[in-house]
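Below is one structure; the comments refer to it alone.
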Amino acid sequence: MLELDRLSRRYGSTVALDQLSLSVPSGQVFGLLGPNGAGKTTAMRAVMGLVALDEGAVTWDRRPLDADRRRLFGYLPEERGLYPGMGVEQQVVYLGRLHGMGRSEAIRAAGEWLDRLGLAERSSSKVEALSLGNQQRVQLAAAMVHSPRVLILDEPFSGLDPPGVDEMSGVLRDQARSGRVVVFSSHQLDLVEHICESAAIVNRGRVVANGSIDELTTGGQRRLVVKVDGDREGAWASTLDGVRVSEVSGGMVRLALSSDVDPSTVLQAALAVGPVQHFAFERRRMSEVFREAVREVEGAATGAGPGAATGAGRGTGAATGTGAGSLAGAASPGGAGGGRR
Amino acid sequence: MSALAGPDRAAPSGAASSVPPGERPLSWWSPVRLGVEREVVIRLRSKGFRVALAITLLATAAAVVVPALVKPGSSVVQAGVVGSPSSVGPVRTVLRATARHDGIKLHVHTVPSAARARYLVRAGKLRMAVVAGPPTVIVVKTAPSATASPTDAFVVQSSYQLGLGESIARQHLTSAQVAAVLSPAPVAVQPLRHPAGHPAGIASFNARKGVAMAGVLATLILLQFGGGWILMGVIQEKSTRVIEVLLAAVRPLQLLTAKILGIGVVIVGQAALMVAVAVAAGAVVGSSILAHAAPAALGMAAAWLLLGYAFYSVLFAAAGSLVSRQEDAQALMVPLILPITIGYATAFPILVGGSSSLLLRVLAWLPPTAPFDMPAMYAAGAVALWQVAASALLLLLSTVVAIRLAGRIYSGAIMRTGQRVRIRQALKA
């Protein structure tokens, strides 16, 4: 169990972490989700001892962390970094040895990881000679070589192609199965909701929602997805009481229903527009969980709760309408390649 | 690859190994040792380093060989002797003894006639010809001046020695008595003012200056190499962001120590190679500079190189930690290279001109320039050994302060990317 207890950190007038508290159990893949600038990277750096905290503490198995215990952690930083001119294997072995491995042990472990990640033939190449995808694999091998008991992975999926995403999530799941603490962060909420078992959603340095994916996605307002033949905008639904259009994409109108709304009134309204091709309840998406949690938190804090950018979920969802990763669309136009060089 | 990463596949690399590596106690020095090893290995593998090393060593060899070939004094003096067999013998003995004393290489030829000897001197085949008397005459092309060159001095010296032999012969002494008179034990020479440990011999004194000059030059070259490597290495770790991966495993001061010691090992190795090449080249051409270079002079040059490196290396590292891009390195090099250059440039007037103005004396005591000016002052005989030691101590104390300051700047700035970090910001962090 890795516990972050009321972590706070300010940079001048910017609040990076605001009493952020979080418990990560071992044995499951845990997602730390939120838009860019929410404080995910600062929180992970704080766990790794790379950021001095103004307040708060990180404990692992109820004991505070020091340099010796942190050597049992594996870390994949958001901004990837390796020595460009150093050989692949040489580099992974070096990082393994810095974590306290013996020479032969490090060579064996590096060989196994490079083999698993399909880099065995490139083990003597210089890192700078590899493709970006392969550099990412080397980075992962470097984080894993010393068999860490706690994995801290900052945006591990960013910049990966679909096979790369599968490969990475396979590694994460394996590590969780063998009883390790596995935390990863992502700003693409919908892209990773099937990868993690539990998640915490952070915004402005605070945890706004926290729990298993089931708990998070089944709570809140019901989601109804309706497709009416010939209708592209879903304007018919916006006039209904207690119904909010959360997203329109390819004629699929995604609605959030208040608890007092009878779905049959929605069906009737839809039928009045045209033949209904699709009418089904769905779980909340993580991006919706995020938006609603932010609205709740900010509504509670300010009363009126205009919530600037994030509160305008309705408009942005409809405008970008890219399905998965709509939060990324709303919060960070950079998308997947956001933080990459 | 996605097939390989299926959820059922067990994690590799001994997931269930009995003791995870990180749980073993790790000494502070163990990652430092690894870092040192890395710094040395990457340099030895680098083509650029090997080329630069080869050039440096060639230059070192040239610095020893070229003066030895050009300098007239170090070439062999060809001398002719004319006379009866009984008179030629003593003349040869006197010339050889004198040459040995003056550090001159001599080759003595027996010439059949005085006319032939004159011809050979005029043709430049012989530097001098001794026509044994009495009265004995030394034939030369132009009149020698004792201060012009070692060879001229040798000719003048020989004339006195041969004259001494003749005047002894007139006293009708036994041959044993003559031999005793002609091989005197020199009386003690007591200089009123010279630095302790300085032998009075001119050749040795010059050799000390030569070694000091070589030491000053080597210090310049190696500080620039080492400083540049440290600066670039720190910036590289920052700009490639590998720093974050490293700092997840080791502390900033361990990283800094490893870099400085690792590059220090390379620098010292390079200095040792330069000395070895200089000694080897000197042995080949028979240069007298190294023959007279006492180990003490070399030791002093080495000590100042190490002190200078210790002082400057931490400053270069601190400077490197302030910027995130190689392009910004140039601006940071200047304030560090400048005192090095001043120290180097002012060491030469001291060594060549024996100048020791107030400015130079001050520079010899200032830590940034002391590694150059203090050994030069000592070699020139302008300071005593205790003053050298005191200046070295001052530099050492400044280095301790520099290490503390640079360590704080480095630790505070190394994780900050983007804009150049101000020193005050780094110290506050």
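When DSSP assigns beta bridges and you keep just the ones with both residues in chain A, what percent turn out antiparallel, to the nearest 5?
Working: 39 of 56 bridges.
Here the share of antiparallel DSSP bridges comes out near 70 percent.
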For residue A:210, list long-range residues whose amide hydrogen, built 1.01 Å from N in the peptide plane, is under 5 Å from its own amide hydrogen. A:201
Between the modelled labels at residue B:166 and residue A:67 (7 Å from Cα along Cα→Cβ) the distance in nm is 8.3
Which distance in Å, rounded to a whole number, links the C-alpha centroids of the stretch B:362-419 and the stretch A:189-264? 67
I need the phi-derived Karplus couplings for the stretch B:210-224: 6.51 cos²θ - 1.76 cosθ + 1.60, θ = phi - 60°, integer Hz, Gly and Pro marked x. x, 5, 4, 5, 4, x, 5, 5, 5, 4, 4, 4, 6, 5, 5
For residue B:46, enumerate residues with amide H under 5 Å from its amide H, sequence gap 5+ or separate chain, H modeled in the peptide plane. none
Where a Cα-Cα gap under 15 Å defines reach, which aspartates and glutamates qualify for residue A:40, not counting those fewer than 8 residues away within the same chain? A:3, A:5, A:18, A:78, A:79, A:154, A:155
Taking Cα pairs under 8 Å and at least six residues apart, what relative contact order does the stretch A:192-273 come out at, in percent? 24
Pick from A:204, A:116, A:291 the residue whose mean-square fluctuation is largest in a GNM of chain A, springs joining Cα atoms under 10 Å. A:116
Radius 14 Å from Cβ of residue A:275, net charge of other residues (Lys, Arg +1; Asp, Glu -1): -1
If amide H atoms are built 1.01 Å from N in the plane of the peptide, which residues on other chains or at least 5 residues away come under 5 Å of the amide H of residue B:77? B:105, B:106, B:107
Hey, got the average number of other protein chain Cβ atoms within 10 angstrom for residues in A:74-81? 5
Report the FRET efficiency, 1/(1 + (r/R0)^6), for residue A:13 and residue B:396, where r is their Cβ-Cβ distance and R0 is 45 Å, rounded to 0.05. 0.55
In order over the stretch A:64-73: 3J(HN,Hα) from phi, Karplus 6.51/-1.76/1.60, θ = phi - 60°, whole Hz, x for each Gly or Pro, gives x, 8, 9, 4, 5, 6, 5, 5, 8, 9
If I model a spin label as a point 7 Å beyond the Cα along the Cα-Cβ vector, how far apart are those points for residue A:271 and residue A:6 in nm? 5.8
Which aspartates and glutamates does residue B:259 reach when only Cα atoms under 13 Å apart count, and residues fewer than 8 places away in its own chain are ignored? B:37, B:39, B:237
Counting every C-alpha pair in the stretch B:76-179, the percent lying more than 19 Å apart is 39
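Which FRET efficiency value, to the nearest 0.05, do you get for residue A:280 and residue B:273 by plugging their Cβ-Cβ distance into 1/(1 + (r/R0)^6) with R0 = 45 Å?
0.05
Per DSSP H run of n ≥ 4, the term is -39500 (n - 2.57); total these for chain A, divide by its residue number, and report the mean residue ellipticity at 222 nm rounded to 500 deg cm²/dmol. Could the numbers behind the result be given before it?
Values: 14 runs with 126 residues, N = 341.
The per-residue figure over chain A is -10500 deg cm²/dmol.
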Output wanted: per-residue J couplings in Hz (rounded whole) for the stretch B:26-43, from phi through Karplus 6.51 cos²θ - 1.76 cosθ + 1.60, θ = phi - 60°, x for Gly and Pro. 10, 6, 4, 7, 5, x, 4, 4, 5, x, 4, 4, 5, 4, 5, 5, 5, 5
How fast does chain A diffuse by Stokes-Einstein, in µm²/s, taking the Kirkwood radius from C-alpha pairs at 20 °C and 1.002 mPa s? 99
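Starting from the exponent 0.38 and prefactor 2.2 Å, build the expected Rg for the stretch A:102-202 from its residue count and divide its actual Cα Rg by it.
On the way: Rg = 14.1 Å, N = 101, 2.2 N^0.38 = 12.7 Å.
The value comes to 1.11.
Could you compute the FRET efficiency for residue B:55 and residue A:120, with r as their C-beta to C-beta distance and R0 at 45 Å, rounded to 0.05? Provide the component values of the computation, followed by the final result.
Working: r = 39 Å, r/R0 = 0.87.
Once rounded, the FRET efficiency stands at 0.70.
Bear in mind these aren't lab numbers, they're just calculated from the coordinates by the rules spelled out. Here the structure is a predicted model, which means the values were calculated and not measured. In this analysis, Cβ positions are derived from the backbone assuming ideal geometry, glycine residues included, and neighbour counts consider all displayed protein chains.
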